[in-house]
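Remarks on the structure that follows.
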Amino acid sequence: MADNSVLVASFIHESNTFVTNPKVTDRDDFRERREYFGEDVVENLRGTATGVGGVIDVAEAEGVDLCPVLAASATPGAPVK
């Protein structure tokens, strides 16, 4: 076990109120773009040009233990339901 541990979680969505259809962003919108839990976060985002991908790559290079929880993202749109 490493001396350092980092919890990894990311929830990304740009909300605005001028979207008229659909009127809300819901769970299906996150599933459609990106929704990973646990070790799937590391397996799917390692080596990618994303914030979480960068955290994973540096943590692994530095011997830091990761506790991946969630990485979710939806296309910008209506407020989240």
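Of note:
Conditions (1) out of contact with any Gly (no Cβ under 8 Å at 6 or more places or on another chain); (2) modelled with pLDDT under 95, marked per residue:
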| residue | (1), (2) |
| --- | --- |
| P22 | no, yes |
| Y36 | yes, no |
| D40 | yes, no |
| E43 | yes, no |
| R46 | no, no |
| A59 | yes, no |
| S73 | yes, no |
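- Any chance G38 is in contact with a Leu (Cβ under 9 Å, 6 or more places away or on another chain) and on the phi > 0 side of the Ramachandran plot: yes
- Top-ranked residue of region 36-58 - restricted to ones that are of a type outside the set (V, I, T) and in contact with a helix residue (DSSP H, G or I) (Cβ under 8 Å, 6 or more places away or on another chain), ranked as nearest to S73 (Cα to Cα): Y36
The values are calculated or read from the model by the stated rules, or taken from the named source; none is laboratory data. Just so it is clear, the model here is predicted, and its values are computed rather than measured. Every residue, glycine among them, receives a Cβ derived from its backbone with ideal geometry; neighbour counts consider all protein chains shown.
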